[in-house]
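The values are calculated or read from the model by the stated rules, or taken from the named source; none is laboratory data. The structure displayed is predicted, hence computed values, not measured ones. For the accessible areas, the whole protein counts, side chains as well, though only heavy atoms, and no ligand, DNA or RNA atoms are used. Shrake-Rupley method; radii C 1.70, N 1.55, O 1.52, S 1.80 Å.
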Amino acid sequence: MSAHVPGIPQNTVALTHEDATHGAEPQLLGLGAEGWVYVSLTLFFILALVLKLPKQIAGGLDSRIADTRRQLDEAKAIRAEAEALLAEAQKRNAASAGDADAIVARAREEAQQIVTAAEEDARNLVARRARMAEEKIAAAERGAVADIRAAAASAAVSAATALIAEKHDATTDKALIDRTIAGLGRAN
């Protein structure tokens, strides 16, 4: 008899590893788990041979391989087409970049021509305006000179008229007329 351990019921039986391995294994129709595994594998192989599963499996795999190859060929064709489209797009992009550069260069050239023409027009306008101003000044000077001459002539006539009226009388005029007439005869 064994000693009683407090806290463990007395009718508890402890199994050791030795007791568990030599114990009875569950069986079905006289076969254990290992026997049933062998039976099921044997049945599987027999059925596979009878139903020609390897050929069906191989046929399925072959069709799957053919589908995969077809898809790969399509993918290669699509890739080649995409690469051609990419090359064409890059060519167009390069051409449009060259066109853009040419447009910018032409625009710069036209802008330079416009600036040059504007500078030339401005120089011509300044020269024409200066010439017009000089002509106006010259005309004003001629007008002023003419006005001064007219004023001087008018002043001279007035002064001469006043002197003649003051110093000449009828007798002086008769002697002056006679001398002028006498001078006319000698001049011919």
Next on the checklist: Can you match Cα Rg over 2.2 N^0.38 Å to one of these, (i) 4.30; (ii) 1.02; (iii) 1.32, based on a calculation from the structure here?
Outcome noted: (i)
Next on the checklist: Starting from 0.36 nm per residue, how many nanometres of slack lie between L51 and D101 once their C-alpha separation is accounted for?
Outcome noted: 10.5 nm
Next on the checklist: Explain nothing, just compute: Karplus ³J(HN,Hα) = 6.51 cos²θ - 1.76 cosθ + 1.60, θ = phi - 60°, for every residue of segment 27-38 in order, whole Hz, x for Gly and Pro.
Outcome noted: 9, 10, 6, x, 10, x, 4, 5, x, 5, 5, 5
Checklist outcome for this item: The percentage of the accessible area of segment 26-184 (probe 1.4 Å, all protein chains present) made up of carbon and sulfur atoms, to the nearest whole number, is 65 percent
Next on the checklist: Under 28 Å between alpha carbons, and skipping anything fewer than 8 positions from K91 in its own chain: which lysines qualify?
Outcome noted: K76
Checklist entry - Any idea of the accessible area per residue across segment 64-167, 1.4 Å probe, to the nearest Å²? => result 86 Å²
Item to check | the chain: angle of helix 170-187 to the longest principal axis, Cα-based, in degrees nearest 10 | outcome: 80 degrees
Checklist entry - Using alpha carbons only, how many degrees (0 to 90, rounded to 10) separate the axis of helix 53-167 from the longest principal axis of the chain? => result 10 degrees
